[in-house]
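The values are calculated or read from the model by the stated rules, or taken from the named source; none is laboratory data. In this text the structure is predicted, and so the values were computed from the model without any measurement. When we count neighbours, we look across all protein chains shown, and the Cβ atoms used for this are built from the backbone with ideal geometry, even at glycine. Each accessible area value is taken on the protein alone, full model and side chains, heavy atoms only, with ligands, DNA and RNA left out. Shrake-Rupley method; radii C 1.70, N 1.55, O 1.52, S 1.80 Å.
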Amino acid sequence: MKVLKFGGTSVGSIENIKRVREIITDGDKKIVVLSAMSGTTNALVEISDFIKNNNSNQALVSIDNLYHKYTIVLDDLIEVSELKQEVGNYIDKVFDFLKACSSEKHSEFLYNKIVAQGELLSTFIFTKYLNQEGVNARLLPALDFMRIDKLHEPDDFYIKQNLQRIINDALPADIYITQGFICLDAYGNVANLQRGGSDYTATIIGAVVEADEVQIWTDIDGMHNNDPRFVENTHAISNLSFDEAAELAYFGAKILHPQTVMPAREANIPVRLKNTMDPESYGTLISQETKGDGIKAIAAKDNITAIKIKSARMLLAHGFLKKVFEIFEKYETSIDMITTSEIAVSLTIDDDSNLSSIVEELEKFSTVEVDNQQTIICLVGHSIVKHHETHKLFKVLQDISVRMISYGGSNNNISLLVNTNDKITALKRLNKYVFDLVIS
Ligand code: ADP
Ligand code: ASP
Ligand code: MG
């Protein structure tokens, strides 16, 4: 059995929905995970923000605009009158719910329920469309089996038991469709796997059903060697190891949600990245195998905060770092990069929700400097730390100021911290220096 996930663009237009139908109807039994149609989750977040700001009128206007888009989808995709009625009723029910939300008091629970509607809509509409086309497809509601625990980790035991149960209880089908992104939390409330989380849904399901392969279908032909949104002349990488792909996803390669690789790596299930608009292209195969050496790819992660902790007492003292780390542990804030000197330690975090408490505690025994708007640029490849061409990346130092460098922490990753304003220049220059590509 394979698990195939289709992202927002792949289900974002009638033309692409028809492409997806063609891709999945190859006769093999499969589980298909869908995101919301492109633009929908952003619109739902905006609606939630209007409610949060007590602007229910503007929320209603946005709800109406989104509703209009779905009436067009319904008209263009569903022709059989009985199904049109059924899908129309479903869409109306969702939008009545959203309208009711617009006058409610805002909370995280309300936000979670609002943003869940995108995947509920796309999967319902798509399943009925497949049925109209004679495909034996069935909807497996993610909220009946997908759950995270108190630490926000997937509850594999619960997921496996319940997914198995609902597949057994459902009438046989060739294709099971389910929602990406959404889940229940440990207390049974509607929750989600964070923005872009449908990729993660796919590998979580892949691991529990022991799939032969997980495929992530999107709008590009695989993982590129640099961020195609900012750099020209990038190209897809054919093979990546789980470790390489995990680093790239964690450090900002948007094609994969940061945690996607973990369940696949643990269960040793290959993940293939494919382009819905060009199904023939090879894409990227992520597996246990390591192929090629040298720097393979570069990614960038924004919204990083750098913290410099200085203390004269650090000189020749032991136990200083322990004291520092204990504070970060207390506030459940993980550290990405770290560099030290005799009297200072610099580190980075991406979750600054407890920053002021952390700084307050650090200031009891040190001087603290905080810089926001930082970006980690991460270079990934097998054994790059030892590779004879890796030195080329340091040419970037002649063009931009690099705040921190992490080299040697792992053999497969070198990270640079730069000011976010310098990110695009750094990515472009690195493309030139590392991959010898001409840049504009
Ligand atoms: P989906 O909606 O299918 O999940 P996403 O927008 O989340 O798609 O991810 C695909 C996008 O990721 C691409 O269109 C591309 O702009 C962006 N991207 C960023 N870095 C990379 C990279 N290294 N390789 C490929 N795509 C990347
Ligand atoms: N629809 C969700 C989002 O836009 C999840 C996803 O697309 O993976 O974040
Ligand atoms: Mg995505």
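Order of 321-328, 172-179 by packing, highest average Cβ count within 10 Å first? Please list the in-between numbers first.
Details: 321-328: 15.8, 172-179: 20.1.
Ranking, from highest mean packing down: 172-179, 321-328.
List the GluC sites (Glu not before Pro) in the stretch 340-376 that DSSP assigns to loop (not H, G, I, E or B) and whose Cβ has at most 13 other Cβ atoms within 10 Å. Which are they?
Numbers: sites: GLU342, GLU360, GLU361, GLU363, GLU369; in loops: GLU342, GLU363.
Answer in residue order: GLU342, GLU363.
What is the Cα centroid distance between the stretch 143-160 and the stretch 41-72, reported in whole angstrom? Rounded to whole Å, the Cα centres lie 30 Å apart.
Placing a label point 7 Å from the Cα of GLN288 along the Cα-to-Cβ direction, the residues of the stretch 210-249 with a backbone N closer than 15 Å are 211-213, 241-243.
Okay, helix-only estimate at 222 nm for the chain: each DSSP H run of n ≥ 4 adds -39500 (n - 2.57), divide by all residues, round to 500 deg cm²/dmol; what do you get?
Details: 13 runs with 164 residues, N = 440.
Calculated at 222 nm, the ellipticity per residue is -11500 deg cm²/dmol.
In nm, what is the difference between 0.36 nm times the number of residues separating ASP96 and SER410 and their Cα-Cα distance?
Result for the pair: 107.9 nm of gain on full extension.
For chymotrypsin sites (Phe, Trp or Tyr not before Pro), the sites in the stretch 230-288 that DSSP calls loop and that have at most 15 other Cβ atoms within 10 Å are PHE230, TYR282.
Computed extension length for ARG195-ILE335: 48.3 nm, one decimal, from 0.36 nm per residue of separation with the Cα-Cα distance subtracted. Give the aspartates and glutamates whose C-alpha is closer than 20 Å to that of LYS29, dropping any in the same chain fewer than 8 places away, or say none. Partners within reach: GLU133, ASP169, ASP174, ASP199, GLU210, ASP212, GLU213.
Our note on the geometry: Cα centres of the stretch 385-407 and the stretch 184-235, 30 Å apart. Counting only protein heavy atoms and a probe of 1.4 Å, the accessible surface of the chain is 47% carbon and sulfur. Taking 22 Å as the limit for the C-alpha separation, the pairs LYS105/LYS128; LYS5/LYS160; LYS254/LYS392 exceed it in the case of LYS105/LYS128; LYS254/LYS392. Return the whole-Å distance between the Cα centroid of the stretch 12-35 and the Cα centroid of the stretch 275-333. The stretch 12-35 and the stretch 275-333 have Cα centres separated by 35 Å. May I ask for the angle, rounded to the nearest 10°, between helix 423-435 and the longest principal axis of the chain, with both axes built from Cα atoms and the value confined to 0 to 90°? Taking Cα atoms only, the helix is inclined about 80 degrees. Pairs of Lys residues in the stretch 273-360 that lie 8 or more places apart, or on two chains, and have C-alpha atoms under 18 angstrom apart add up to 5.
Between 0 and 90 degrees, the angle of helix 117-132 with respect to the longest Cα principal axis of the chain falls at about 40 degrees. Summing charges over all other residues whose Cβ lies under 15 Å from the Cβ of LEU362, with Lys and Arg as +1 and Asp and Glu as -1, gives -1. Between ILE125, ILE205, ILE167, the Gaussian network model of the chain with springs among Cα atoms under 10 angstrom shows the greatest mean-square fluctuation at ILE167.
Between LYS322 and GLU82, full extension at 0.36 nm per residue minus the direct alpha carbon distance yields a gain of 79.8 nm.
Please identify every one of the GluC sites (Glu not before Pro) in the stretch 99-129 that sits in a loop by DSSP and has no more than 14 other beta carbons within 10 Å of its own beta carbon. Could you put the intermediate results ahead of the total?
Numbers: sites: GLU104, GLU108, GLU119; in loops: GLU104.
Here the GluC sites (Glu not before Pro) that fit, given the DSSP loop and packing criteria, are GLU104.
Using the heavy atoms of the protein chains alone and a 1.4 angstrom probe, what is the accessible area of the stretch 167-262 per residue in square angstrom?
Numbers: 3400 Å² over 96 residues.
Each residue of the stretch 167-262 exposes 35 Å² on average to a 1.4 Å probe.
The amide H of ALA191, built 1.01 Å from its N in the peptide plane, has CYS183, LEU184, ASP185 as neighbours under 5 Å, considering only residues 5 or more places off or on other chains. Averaging the sequence gap over all C-alpha pairs within less than 8 Å and six or more residues apart, then dividing by the number of residues, gives the stretch 4-125 a relative contact order of 32 percent.
Roughly what % of DSSP beta bridges within the stretch 205-329 run antiparallel, to the nearest 5?
Details: 4 of 12 bridges.
Roughly 35 percent of the beta bridges in the stretch 205-329 run antiparallel, per DSSP.
Top to bottom by accessible area (1.4 Å), largest first, where do MET404, MET277 land? Could the numbers behind the result be given before it?
Working: MET404 5, MET277 65 Å².
Descending order: MET277, MET404.
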